[in-house]
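Participant: Before anything else, here's the structure in question.
The values are calculated or read from the model by the stated rules, or taken from the named source; none is laboratory data. Remember, predicted model here, so these are calculated numbers, not experimental data. Virtual Cβ from ideal backbone geometry, glycine too; neighbours counted across all protein chains shown.
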Amino acid sequence: MIGQNSKVLLGPVDQIPVGQGRCFVVHGREIAVFRSRSGTIFAVENHCPHRGGPLSEGVIGDGKVVCPLHGHKFDFQTGQGSEAGECVAVFKIRQEQGQIILEK
């Protein structure tokens, strides 16, 4: 688990293709990091609560990721899913000098 006020350097932003995501394991937890077509990066937990689908392999657009297994959508800002009661954790993430920094 990421501790209070900790920062984790995930590496260069260029390792994530524009419009796609990548899974990172941070302190034993899988986190999906996405790079939108506008260059903004987002981070949510990697597993869909419906059936555990890998969200890092999902399609992104309109501020959401679509689970590749069953099409459930999750908002990058709130983590709220398209189905009642579904939600994923959202992580603070930023770019600094071309590097991805995950914060908690």
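Participant: In this structure, is residue 81 more than 10 Å from the chain's Cα centre (by Cα) and modelled with pLDDT under 95?
Facilitator: So residue 81 fails the test.
Participant: Out of 94, 37, report the one residue that is farther than 18 Å from residue 10 by Cβ and either crowded, with 19+ Cβ neighbours inside 10 Å or charged (D, E, K, R) (or both).
Facilitator: 37 is the lone residue from the list that is farther than 18 Å from residue 10 by Cβ and either crowded, with 19+ Cβ neighbours inside 10 Å or charged (D, E, K, R) (or both).
Participant: Take the residues of region 41-67 that are at pLDDT below 95 and over 16 Å from residue 87 (Cα atoms): which is surrounded by the most Cβ atoms within 10 Å (Cβ to Cβ)?
Facilitator: The qualifying residue surrounded by the most Cβ atoms within 10 Å (Cβ to Cβ) is 61.
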